[in-house]
Structures are given as structure tokens and as C-alpha cells.
1. Scanning the chain for trypsin sites (Lys or Arg not before Pro) in DSSP loops with at most 12 other Cβ atoms within 10 Å, what's the longest stretch left with none?
2. Which whole-angstrom value gives the distance between the alpha carbon centres of segment 99-148 and segment 1-40?
3. Check each of the GluC sites (Glu not before Pro) in segment 106-148 and keep only those in coil by DSSP with at most 11 other C-beta atoms within 10 angstrom; list them in order.
4. Give the Rg/Rh ratio for the chain, taking Rg as the radius of gyration of the Cα atoms and Rh as the Kirkwood radius, to two decimals.
Amino acid sequence: MLLPTNDKQFGFWKMRRSGMPNITIANLLGISRQAVSRALLLMDERIESTLREMAQANQIAVEKINAEQGILIGQSIPFQAAAIIFVSEKHGLQVWYEHEGDCGTCQRYTECVELLWDYASELGISIEQTADPTKIAEELFTKVKVLV
């Protein structure tokens with residue numbers, strides 16, 4: 001299932017994830033608080049369902065889910081590694097496996113750094129400045145696990 005990132009409900013969800021209360025979202029958009037609440041309940045169900053589907057497709061045993069933050073924590077069965085699936089506003093649905101990478105030789109180095117910094121920014125998490133994506137991921141996902 002794809003997440004409709006341009007959908008109005010997803011917009012409400014992003015606002016709430018950034019810390020905005022339902023009443024503020026409602027006032028900002030000129031709709032009722034109940035309409036926002038209903039939309040968020042539906043979006044949470046869609047996000048949880050999507051996270052679970054992605055976990056199943058990647059053979060990840062689910063340990064914890066937080067649909068309000070768009071995070072699933074689990075364990076990859078084939079890789080025998082910790083895994084995290086998350087919803088990024090900019091990058092969509094992402095699966096990340098805990099591993100020690102050889103980032104200096106990887107063709108996706110810049111892409112990984114950008115993804116991690118963007119995701120930390122979306123969640124309002126500050127991380128230490130470093131050029132090593134493995135270290136960035138380690139720090140970021142340690143902090144993300146607290147949210148779940």
C-alpha cells in the first residue's frame with residue numbers, strides 16, 4: 001500500500017507529528033477538531049497497515065510500532081539484524097538495517113547522509129555533526145527508538 005503523501009489526511013498527520021495539537025490544526029484549516037481527529041485516526045490506521053505490510057514483505061519480525069510517528073522497530077529474520085521502517089515526508093517509506101557499512105566506498109554515501117539528516121529534521125531530532133552515515137544512523141535510530 002502506498003502512502004498518499006499529497007493527501008490532506010497525510011498533511012494533518014505531518015502537522016501532528018511535528019507537535020501541533022489537533023485544535024491548532026483545525027483552527028489553521030478552518031475545520032472542526034472532530035474532522036481532524038477522524039482524519040488522523042484513519043491516517044494512523046493506513047500508516048500502521050503500510051508499516052506492517054512493509055515488515056512482512058522484508059521478513060521483519062515486528063517488535064514495536066508507533067503509527068503517530070510513522071515508525072516500526074523490528075528484527076530482520078534473514079539478516080539477523082535490527083531493522084527500522086519509517087515514514088519520511090521527503091523520502092517516503094524507508095527500511096534501514098543495523099549494520100556496519102563501508103560508507104567511504106559506497107556509491108550511495110551522499111544519498112544516505114541526506115536521508116538521515118532530512119529524517120532527523122522531520123522529527124525535530126538533533127544529531128551530532130559527522131560525515132559517517134553509519135554513526136549518524138546509529139545516533140538517530142537510538143533517539144528514534146525512544147519515540148516508539
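Derivation of every value follows stated rules applied to the coordinates shown; laboratory data play no part. Here the structure is a predicted model, which means the values were calculated and not measured. Positions of Cβ are generated from backbone atoms using ideal geometry, with glycine treated the same way; all protein chains shown enter the neighbour counts.
1. Values: sites that count: K90, R108.
That gives 1-89 as the longest site-free run.
2. 27
3. Details: sites: E111, E114, E122, E128, E138, E139; in loops: E128.
Filter output for segment 106-148: E128.
4. On the way: Rg = 16.1 Å, Rh = 16.2 Å.
On the Cα set of the chain, Rg over Rh gives 1.00.
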